[in-house]
Every structure is written in structure tokens, then in C-alpha cells.
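Some notes on the structure that comes next.
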Amino acid sequence: MSKILIGNAEIIDGTGASPFCGWVLVEGERIRAVSPSPLQVEDAEFVDARGLTLVPGFIDAHAHSDLSLLAAPEAEGKISQGITSEISGNCGLSAFPIRTEEVRAHLQELYKIYGIPLDWNDFQSYTEVLSARKPSINAGFLCGHNTLRANILGYENVQGTPGDLEREQRLLREMLEQGALGLSSGLLYVPGKFASREEMTGLATVLRKFDRPYTTHLRSEGERLLESVEEALEVAASAGIRLHLSHLKTAQPRNWHKIDALLKRLAEARSSGLRVTADRYPYTSGQTSFSVVLPPPCDDLTDRQIQDLLRSSPEERLRLQQELMRHPRDWRAIILCTTRHPEFSHFGGRTIQEIADILKRPPEEICMDCLTEDATGAMAAFCGMSEENLDRLLREEFVCCGTDETARPVSEQLGRSHPRGFGSFPRWIRRSLRLGLPLERTIQRLTQLPATIFSLLERGEIRPGFYADLVLFSRESLIDRADFGHPHRLSEGIFSVYVNGELSFFEKRVCGHAGKILKK
């Protein structure tokens with residue numbers, strides 16, 4: 001059994017306790033000893049960590065690596081910023097279960113860029129395929145409500161019968177029994193947006209027996225933010241379960257003032273005994289499908305349906321373009337991140353207005369051309385969040401960090417990431433330090449807190465018997481370098497990363513593939 005002895009490190013153990021200078025012994029996959037005094041161990045590889053800080057591996061509470069880990073298991077963007085575990089299957093979208101050919105075809109189109117055949121049917125068979133790829137990081141998965149619902153009711157705007165709900169419940173129960181970590185919803189997206197509160201409560205009750213969380217991309221993060229939060233709280237309270245709010249934010253300047261009411265309501269819910277947590281990325285620009293810029297009826301269509309509509313009906317395409325021109329967007333605040341459209345693919349990182357100015361064409365026309373060719377693949381960043389509100393959320397003890405991104409390689413062969421895919425955790429730490437927050441409390445919210453939320457046993461702390469997921473970094477040089485112009489730049493200051501006791505990232509290179517599937 002391999003032994004690694006890390007000595008002379010500043011140790012921050014993930015519990016919120018004060019840092020101390022000490023030694024950690026790793027044997028095999030586990031931490032065997034933690035001591036403030038030097039340890040004498042024969043046959044151990046010694047790592048002198050003088051001048052470095054040793055912390056538990058960071059846990060990405062909100063990832064979307066369901067297919068990217070299969071295509072690029074090195075997960076460079078994640079492990080290079082100290083992430084050793086991540087939770088995917090968020091926002092209602094998971095790569096399982098697949099029980100109908102309609103769902104298989106829909107997901108195959110959605111994940112086309114990865115070139116992976118979706119030849120599994122459930123969580124068990126999906127994770128067998130992923131395990132064989134030997135990812136560099138640990139991966140846990142939620143069962144996505146959109147995928148779950150589509151297996152029963154398809155992608156149309158329909159309300160199910162009590163019998164349909166029972167079928168959904170049985171399928172969810174099966175995925176949980178196979179080890180899925182909880183249920184996620186994406187109530188802004190098709191087909192999740194068609195689900196009633198009663199449907200979500202009915203599914204949430206299934207979670208109670210398993211004591212697993214319900215995570216939700218709220219029905220609205222702007223105009224109806226408070227009402228959407230109230231819906232989520234009522235679902236959780238009615239079902240008697242834990243609630244986790246995904247990428248908590250106040251979208252668009254006209255809604256920034258709602259932060260006071262939002263935090264007050266969440267404080268009331270938590271003080272009443274409801275178990276409520278949230279995640280957030282430390283940026284004020286979000287990223288999602290470019291198609292969300294389109295007016296009705298596109299908000300009730302999948303990206304595949306939007307693409308088919310624009311290609312088959314020039315009249316509808318013209319109507320939508322004219323509607324965009326009548327109600328203009330601030331195209332300077334929308335950044336094209338990635339697209340397979342050959343005319344626009346090299347403009348990644350530029351605003352729609354910049355592209356329009358370069359090509360001397362109206363931005364609305366750029367939008368329609370891009371979506372007609374590639375509504376299923378085009379992604380955009382939307383600048384509309386408050387820096388002050390972000391700081392307030394970073395101060396909240398129940399908020400942890402989530403990148404809301406896929407694990408991508410440094411190359412852009414699998415698309416172009418939001419900078420958060422390469423820089424979220426160093427950025428969170430530096431920003432928290434600027435706010436005057438103690439580093440030990442910040443580390444606790446990046447490690448122990450998400451481990452507790454998702455019941456990741458024996459992870460998230462530097463403690464004897466726990467898995468040796470560890471990060472060594474330099475306080476002085478830790479900084480994120482990714483931006484929209486260069487979103488795949490690696491962060492600085494991460495010295496080494498250990499996953500399950502194996503050195504997996506060193507000198508800015510992935511050098512290990514010891515990741516495990518995190519199951520309940």
C-alpha cells in the first residue's frame with residue numbers, strides 16, 4: 001500500500017477550525033493520521049509543504065459533466081482549480097434514465113458534440129460506462145426531472161394523470177435505489193416548466209424515505225424570483241425533505257433589490273427547521289442556451305424544436321426576428337460562448353453587438369442565423385447580476401460554490417466554457433478574502449458543506465479515516481486566470497491535487513485517474 005507523508009503544511013481541515021501547521025499521512029485511499037507534530041513513517045513518500053496550505057479537495061456542488069467526463073475524463077478545467085468531486089445531473093437534466101427512443105434521440109442530439117453513443121438505460125448502466133473511462137475526479141449524479149418526466153410524458157405541454165405521476169415516482173425510486181444522490185429540477189426549461197407544484201411535491205415525497213435533497217433551478221430567477229422560491233419552499237415543507245437552490249441569484253438590474261426579501265425569507269425558513277442550502281458561482285454573468293433570447297412560442301419548445309421551426313418556416317423566422325427588433329435586447333450584454341455555426345464559431349467570447357458591428361449586420365439577424373443553424377448547440381453568457389448581491393451571497397453560511405459548468409479539456413474540442421469552468425474556486429477564495437471572511441470558514445463552505453448537502457460520506461474534511469481528497473495551494477499566488485476572451489486558462493497557485501490518495505494533478509498536468517462514482 002502506497003504511503004504519502006505531507007509535512008510542514010498549513011492545514012485547514014474543512015470543519016471551520018483554525019489553521020495549524022501540521023503533518024498528514026496518507027495510506028492508500030485514506031487519511032491515516034493528522035498531527036501538529038512531525039510524524040515518523042517508514043517507506044513513505046515525503047512531500048515538504050512548507051509555505052503551502054493543505055485543504056480537503058473542493059466539491060463542485062453544481063456541475064454538468066454528465067457526458068463530458070465520458071469524452072474527456074481528465075477533467076482539466078475542474079481538477080486544475082482543486083475540484084476533486086462534483087455533482088452533475090443538475091437543472092433537471094441528467095443522462096439517465098432512458099426508457100424511450102424519444103428521450104434517447106433528444107439527449108443524443110443535445111450531447112452531439114461529445115460523440116458518445118447513449119447506449120445505457122438507467123443510472124446503473126450509465127455509471128458502469130463512466131467508471132470504465134476512469135475519470136480523474138469523483139462524480140456524483142442527481143436524477144433530472146426533465147429527463148424523468150420526458151420518459152413518461154414526452155416533451156410536450158401536457159399535465160399528467162395520477163397514474164402518470166405514479167409512473168414517474170416509480171422510475172425516480174428506481175434511480176435512487178441504484179444510487180442517484182437526489183432529484184434536480186429545471187423549471188425554466190422544457191418539459192419541466194409544464195410540471196405543476198403538485199407534481200413536484202409528489203416526486204419530492206419519494207426523496208423522504210431516502211433522505212436525499214431536492215435541488216432546483218427555480219421557475220424564475222428574476223421577475224418572479226420570490227414566488228418561485230416560495231414554491232420551492234412549499235414543495236420541500238410539504239414533502240418533509242431537504243431543499244437546495246441552484247445558482248441562487250437576482251437576475252436583471254430591475255430585480256436586484258429583491259435580495260433583501262430573498263435572504264429574509266430563506267432565513268425564516270431555515271430558522272423554522274427547514275433544511276435549505278444553495279450554491280452560487282462567483283461571477284455576475286450566467287450562461288445558458290442562446291435560444292432563451294427568443295420570444296413566445298419558443299419558450300415552450302425544446303432547442304431541437306426551435307431549430308426545426310426556424311429551418312422549416314421562413315415566415316416564422318422573420319416574425320421572430322421582427323419581434324426581437326420591436327423589443328430590442330441589450331446585445332452588448334450577451335456574449336456568444338460557443339456555436340457550431342461555421343460563420344460565427346470563431347467569435348466565441350465576443351458580444352452579439354461586437355459580432356454585428358464586425359459583420360455590419362443587425363444583431364437580430366445574427367441571432368436568427370445562429371439559431372437556425374445551431375439552436376441545439378449555441379450557448380451564450382448573459383450579463384445581468386449585481387456585484388453587491390454576489391458579495392452578500394458569498395457571506396451566507398448556507399451557500400456553497402458550484403461552477404454550473406462541464407468538465408472540459410484545455411483545448412476547445414468539446415466547446416468553449418464559461419470562465420467559471422476553470423476558475424470558480426480560486427476566484428471564490430480570493431473574493432471571500434477581500435470581503436474579510438476567514439479562510440477557514442470559506443474552505444468549510446467549499447468542502448464540508450457540500451459533502452453534507454449531498455451526503456458524501458467520509459469526504460470534505462482532513463480527518464483520519466476519510467478519503468484522501470486533498471489540495472495543496474499557495475495563499476500568495478492563488479488566482480483565477482480565465483476570462484471570456486480566454487475561458488480555458490488554468491488558475492495559478494494550485495501546487496498539487498490528490499484524489500482518493502493518488503497524486504492526480506501536478507505541475508499543471510493531470511497525472512492520475514483515481515476518481516470514483518459517488519453513490520448512496
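The values are calculated or read from the model by the stated rules, or taken from the named source; none is laboratory data. Here the structure is a predicted model, which means the values were calculated and not measured. Positions of Cβ are generated from backbone atoms using ideal geometry, with glycine treated the same way; all protein chains shown enter the neighbour counts. Ligands, DNA and RNA are stripped out before the accessible areas are found, and what is left, the full protein with its side chains, is counted by its heavy atoms. Shrake-Rupley method; radii C 1.70, N 1.55, O 1.52, S 1.80 Å.
Set the Förster radius R0 to 30 Å, insert the Cβ-Cβ distance between residue 252 and residue 158 as r into 1/(1 + (r/R0)^6), and round the FRET efficiency to 0.05. In this case the efficiency is close to 0.50. Ordering 22, 472, 153 by the projection of their Cα atoms onto the charge dipole of the chain, which places +1 on the Cβ of Lys and Arg and -1 on the Cβ of Asp and Glu, puts 22 at the extreme positive end. The packing ranking of peptides 462-469, 328-335, 501-508, highest mean first, is 462-469, 501-508, 328-335, where packing means the average number of other beta carbon atoms within 10 angstrom of each residue. Using the structure shown, list the pairs from 193/360; 249/519; 78/134; 193/249 with a Cα-Cα distance above 26 Å, or answer none. Long pairs (Cα-Cα over 26 Å): 193/360; 249/519.
Extents of the chain, largest first, come to 77, 55, 47 Å (Cα atoms, principal axes, whole angstrom). Compactness check for region 5-115: Cα Rg over 2.2 N^0.38 Å is 1.52. Put a dot 7 Å past the Cα of residue 100, heading toward its Cβ, do the same for residue 40, and the two dots end up 6.9 nm apart.
With the whole protein complex present, residue 351 retains an accessible surface near 20 Å², based on a 1.4 Å probe.
Working out 0.36 nm times the residue gap between residue 340 and residue 270, then minus their Cα-Cα distance, what length gain in nm do you get to one decimal?
Values: separation 70, 0.36 × 70 = 25.20 nm, distance 4.44 nm.
Value of the extension gain: 20.8 nm.
The modelled label-to-label distance between residue 220 and residue 327, using points 7 Å beyond Cα along the C-beta direction, is 1.3 nm.
Sorting 364-372, 101-109 by their mean Cβ neighbour count within 10 Å, with the most densely packed peptide first, gives 364-372, 101-109.
Using a simple spin-label model with pseudo-atoms 7 Å out from Cα toward Cβ, residue 205 and residue 357 lie 5.7 nm apart.
For residue 496, the residues whose modelled amide H falls within less than 5 Å of its own, excluding neighbours fewer than 5 places apart on the same chain, are 472. Residues 410, 293 ordered from highest to lowest accessible area at a 1.4 Å probe: 410, 293.
If each residue of separation counts as 0.36 nm, what is the full-extension length gain between residue 388 and residue 170 once their alpha-carbon separation is subtracted?
Result for the pair: 74.1 nm of gain on full extension.
This model, with +1 at the C-beta of Lys and Arg and -1 at the C-beta of Asp and Glu, gives the chain a dipole about its Cα centre of some 740 debye. With 0.36 nm allotted per residue and the present C-alpha distance subtracted, the residue 457-residue 411 stretch has 13.2 nm of extension available.
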